[in-house]
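Worksheet: one structure, shown below.
The values are calculated or read from the model by the stated rules, or taken from the named source; none is laboratory data. The structure presented is a predicted model; accordingly, all values stated were derived computationally and were not measured. Don't worry about glycine lacking a Cβ; one is built from the backbone with ideal geometry, like all the others, and counts go over all protein chains shown. Surface accessibility is based on the protein's heavy atoms, side chains included, excluding ligands, DNA and RNA. Shrake-Rupley method; radii C 1.70, N 1.55, O 1.52, S 1.80 Å.
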Amino acid sequence: MACGALVGVVGGTATGYAIQAERKPTPLPALSQADLAYPEKALPESKRPAPLPAEHDTAVKANGDLRKLLVGKPKGFREATGYFVNGVSVEDGWLSPGGRSLEYTEPGEVLVDSVRNGIRRVAAANWQRGEYEYVAVRLVQFRPGAVAEAQAEAESSRRDAANRTRSGHEEGREVKAGSGAGFFVYEPDSKPGYLTVYGGRAVGYRGDVMFDLHFSDTKPLSEKAIKDLALKQLERL
């Protein structure tokens, strides 16, 4: 029976090949295409579409003074010299790529990645209210290219924020539906002998600019305040 089954399979396969060999080959489609058609003359000036208004063109906005796109200082806050322990002071609303990298635990790696990804400039602001409440804003602009580096940077920052987010909120919450921007509230940092620190972050992007907002206080943070400021920054972009 086994030999008969094997002979049947082999015989069927051979018959199939024989039938296929007798058929005429199916012709392939031609590789050439019809010539592309172009208008003989360019449209006259009167019939050309109007350029996109500057207020609707994000590239025009971002290519100006990037500091003007920083969200406005919240009520009750004042300018602060710094936010991050190992960071440098903001100079006239700017941070160098190197200065920004110092705000991370692995500054060398962050700087190399930023330069490789085409970082262009960083507009920044640090604010303080009372003794312990701080807000830091960073607008990081990348050079135009085939890869959306601002989006990639925002997604990387979101993953970093998710690792510090309190249990049950690891995915963060949307700043605005469909915007790709999210905000996070961290697990409190509590150590014996030190004040408990509550932190949060909001991240998003528009075009080639990524925004990164950091919040900290010794009292629990208001999720509404974080979301509202992040939404205002998103709208400014």
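When all protein chains stay in place and ligands, DNA and RNA are ignored, the 1.4 Å accessible-area order of GLU153, GLU174, largest first, is GLU174, GLU153. Placing +1 on the Cβ of each Lys and Arg and -1 on the Cβ of each Asp and Glu in the chain, which of PRO144, SER190, GLN20 has its Cα farthest towards the positive end of the resulting dipole? Selected residue: PRO144. For the pair SER222 and VAL197, label points projected 7 Å from Cα toward Cβ lie 2.3 nm apart.
Spread over its residues, the convex hull of the C-alpha atoms of the chain is 303 Å³ per residue. What is the angle, in °, between the Cα long axis of helix 107-116 and the longest principal axis of the Cα atoms in the chain? Nearest 10 is fine, range 0 to 90. For 107-116 against the chain, the angle is about 50 degrees. Ranking TRP94, TRP127 by solvent-accessible area of protein heavy atoms (1.4 Å probe, all protein chains present), from largest to smallest, gives TRP94, TRP127. Scaled to the globular estimate 2.2 N^0.38 Å, the Cα spread of segment 76-176, given as radius of gyration, is 1.16.
Shown are GLU91, GLU133, whose ranking by accessible area with a 1.4 Å probe and every protein chain present, most to least, is GLU91, GLU133. Among THR26, THR165, THR81, the largest mean-square fluctuation in a Gaussian network model of the chain (Cα springs under 10 Å) belongs to THR26.
Dipole size of the chain about its Cα centre, with +1 on Lys/Arg Cβ and -1 on Asp/Glu Cβ: approximately 460 debye, rounded to the nearest 20. When the listed pairs LYS191/LYS232; LYS73/LYS176; LYS73/LYS219; LYS47/LYS232; LYS68/LYS191 are checked against a 30 Å cut-off, the alpha-carbon distance exceeds it for LYS191/LYS232; LYS47/LYS232; LYS68/LYS191.
Remark: the ASN86-ARG116 segment gains 8.5 nm on full extension, using 0.36 nm per residue and subtracting the alpha carbon distance. Here the relative contact order of the chain, from alpha carbon pairs under 8 Å that lie six or more residues apart, stands at 16 percent. Over the chain, accessible surface divided per residue gives 66 Å², non-protein components excluded, 1.4 Å probe.
For the pair LYS47 and SER190 in one chain, pulling the backbone fully straight at 0.36 nm per residue adds 44.9 nm over the alpha carbon distance. Element breakdown for segment 75-131 at a 1.4 angstrom probe: carbon and sulfur atoms account for 52% of the accessible area.
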